[in-house]
Amino acid sequence: MKLHDGSVVLFDSFTLGRFTSFTEDGCPDGYMQIQEASRPQVGGSWCGTSWGPSIYYSETKSITLIIRLLHLSKEQNNYNFDFRMAYKVLRREYATVRYGGSPPLERPFFKLRPVPYLVNISRGEDMNTPKTTKTTEYYLGDLISGTYCSRIFSDCDRKNCRLQSPNFPGVYPRNLTCYYAVRQHEVPQGKHALIVVKQPNGQLVSIRSQKALYAAQQERGNNGRELKFWQQCDEVQDYVTVYDGYTTRDPVILRFCGGGVSVPEAISSGPELLVEFTTSPFGTFLQPATSQSLHGFQLEIEVRFVDQQSPTYAKNKRACEFWIRGTGRGTLEHPQHSLPPNTTCLYHMQGIDTSGPSGRNIIYRRPSFSAPRFKVWFSVLKFYVTNALNPNLPEDEYCGSHLNIWDGPMRISPGCSDIFCDKERSVQMSRATSPQSVIVGRPPTNATLVARFCRERAPRTCEHALLRRSRACTKTESFLSKGDSLTLELKLTQGTALKPVYFKALYEFVDLHQDGEPWGRGSCSRKFASRSFPEAPPDPPITFSSPRDVFLYGRGGNRNISCTYRFEANPGEVIRLRVWGVRSGGRLCRSVHSAHSPWYRCAGEVTAAVRIFDKPWRDAGLRIPRDCLCSDVGDYEFTSIATVAELKFDVVNMSATDDFRSFGFEASVEFVRLDLGCETTHRVYGASGELRLSSSSPMSEAERCERRPWVIDPSPGRYLYLQIRGSIIREPELDNFTLLNNITVAPDMRHLCRTPNRIAVYTGGLTPTFICPEPQEEQMEDMVEVFSEGWSKEVDPLTRHVFASPSASDQFSLDWTRALSAELIAVEPGSYYVSWLELSRRHASSHGGVFVLSGECEYRCPSLDACISGALWCDGVAHCPRGEDERLAHCSALLRVPAHYAAALLALTVLAAAAVITAARSCRRRRSALQQRLKSLSSDTAIFDEKEVIC
């Protein structure tokens, strides 16, 4: 029979002997075999009885039917040989089920009885005929020469590949084995190809799976729609087997038969996949009635690409094992390919610095290291074990497929830097007696099981991290290793093609390393000290950076961070700092040049900054603020004026997504030797005094030392009060437009101050107070008054955060300094004076609420509501702003008599006055008595002169 495109043979009824078995001597009375042109003989046989239509489709040029009847029935009513057959030549464009594409308007059909054609035979265009959409034809692979049905598929990412049983959708031959090799040759750079075999349309799969010949035996109510797997397909031995590789020696990831329901995805771990279709030697056309008339199968092919260097696929098919090492973070998910039953996957996570030269061996940290540099922070977002796709499959025992988290290494790390360690693994595989013996075994003694996840329980998860813009996982929702290693063990009892296991987790290698030496009580405060000697060459610059410990930032649970880096040079050395890569979390803040000094200041939202401080006095708590950096300024460099300097890194109000990637800096420190050092300390004391700040042009080397800041130290328990002739001048405010566009034009300040010179007063805060000074000879009434920190105002919250927080572990418990410092920032010659006065507070007395002075508190300046030293009272110099200490009422000589002498004098005066009054009264009484006596005398009595009377 000569054919052009293909032929269809319809067995309307068929009886040929008896059918007894699919596997052994199934046709004892006779059989039928079909041979196709240019195809090898396979030797499969059909027999038995069938009343329904069975279609055999062939795409060869000719087919041959061979019928052999070995035993004819002797009984008249039990005939065993009869068949009724029809055939038709079928053009390729009509075979859309097999080849795809859009069907033409005319549809062929079998005519076994005189019935009219049900199609329109007109060649003209019918406007009422619905238009069909053109679909792509299937690519059925290239037939391997010398085989009956084995085919090769390549690069199915660009083709509409379909795997089909022989003669699909007709009856497939018997005693047949077909191999479908799928390979992806072209893979994008940095990607890895996975081959997917699936069929979401269950009506395109019908592989015989049961010996039953009649529908009466179907008692499950599924109408014949059932997919069977593994050993369930041994009843007939017609099945499809999927191998994870290109040979039958590779692992089997799926075996199925039956049909009517969708075929689950079977995904290879690499760019190669092999599908094997096997049929039993004997068959019959009679089978339980099904809802579809198709036979065999059609499977879809899909190619997926994953990152090549990612733990999403097992590079070694015999060992699912991954090595994840480094300093970053990432996401772990279940393997994106199918895994065979009884598989164990290990994820070895180790924090290690891999920034060295490429190709170097990674040295595993032994348990003897008590303080590892890294810890592994691990959070399980989800763990889900699905129900079995086949309800007849036995369910797992309690926690059958599960996920174990081990604190520590499961085995010693190989000396390679690859995520798969493929070469070493292949050597171990060749020496191992079985694949599982490489990775399965008892864990080492230093690995501790901390959690087990399974279908029935999930001890600690962080599901909210799956949401968008979610907060970070807390420590109570995650796991933190004690060392630098953590191992994830995924154990599967069933294949993931039939019972998928999904998990997603976050891992992060927390870097605990910090440069320098610990200093103070802060967890991120460090010290760098010069180790050089005068006769030795200077030390090279030391590079350091902000801490990378995520638990110090917002994502680790802290809203604020404050770190201090202290630098101590040897005598004759100064400190040179370079800072770059300043990160402020996208906050609206810019580093701009100060309008009154040569330093940078922070303009805008100053809540995340790097600040540089000079410490000219090693034992004094006062810091001299220099530069403030909240954005990258390029080649920034700072040279100290003394042997001690500090860098403070501070951030407040961090969100749950902020970490060292959002905020931080990079820096280096170098200790530079000077030929000539400054010998003076520029430190003064006393209850009162005056400083002269002067400058000349050009500046000499001696004046360079004189230009250094002066510090005024108060006595214990006292504050300072400064007076400077001039006015306060502030930095110009910058609006958001200027900050966003990074406009840094220096403002003109000449209309605010007649001189470019400035006096900077440092009170211990974050920024100095700039004063436009006036010379002493100009009798100006404008005076600037400055008090010590904490005298009359509350401390700024940001300043409090930067300098002191006794309860916080990342800051220091420092007493607020009461010292004041003044510095002349000279541009032109000038001379100015700064006067100071020690003050003490008044404290309430317990006697009737009357205020008495603490210490020598009887000497009070009412204008300051403070007390001054008694040595300054009435010393001839006015110290109080209004001169109360030199008033006449306070400084008169009489009033300056001691109190006990004044009391005695007053008592004597009172006694003397009382004596005089008493004597006068006594004399007056005697005179009155004498006059009365004279009146009583006779007229002849002699009269004496009054002057003679002595009283």
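So the values come out like this:
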item	result
Segment M85-E666, extension gain: residue separation times 0.36 nm, minus the distance between their alpha carbons	200.5 nm
Size of electric dipole in the range 517-673: Cβ of Lys, Arg +1 and of Asp, Glu -1, about Cα centre, debye, nearest 20	400
Protection proxy ranking, peptides 324-330, 546-552, average beta carbon neighbours within 10 Å, highest first	546-552, 324-330
Dimensions in Å of the range 244-309 - Rg and Dmax from alpha carbons	15.6, 53
Evaluated over the range 7-99, the Cα radius of gyration and Dmax, each in Å	14.9, 48
Fewest-first sequence of S145, S694 by Cβ atoms within 10 Å of each Cβ	S145, S694
Greater than 29 Å apart at Cα, pairs in K191/K317; K198/K315; K191/K382; K61/K159; K88/K211	K88/K211
Average projected area [Cα convex hull, the range 517-673], square nanometres	9.4
Most to least packed among 577-583, 512-518, 910-916 [average Cβ atoms within 10 Å]	577-583, 512-518, 910-916
Residue order, fewest to most beta carbons within 10 Å, for R925, R860	R925, R860
Net lengthening on full extension, S688/L466 (0.36 nm per residue, minus Cα-Cα)	73.3 nm
Calculated FRET efficiency for the pair K482/I728, C-beta based, R₀ 45 Å, to 0.05	0.20
Model label zone, C705; criterion: amide N under 13 Å from point 7 Å along Cα-to-beta-carbon; scope the range 565-597	572
Relative packing of peptides 43-51, 277-285 - highest average C-beta neighbours within 10 Å first	277-285, 43-51
Length added when fully stretched, T918-A536, from 0.36 nm per residue minus Cα-Cα	127.7 nm
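Only the coordinates and a few stated rules stand behind these numbers; no lab work does. Bear in mind that the values here come from a model prediction, so they are computed numbers and not experimental data. Because the Cβ atoms are built from the backbone with ideal geometry, glycine has one as well, and the counts that use them run over all protein chains shown.
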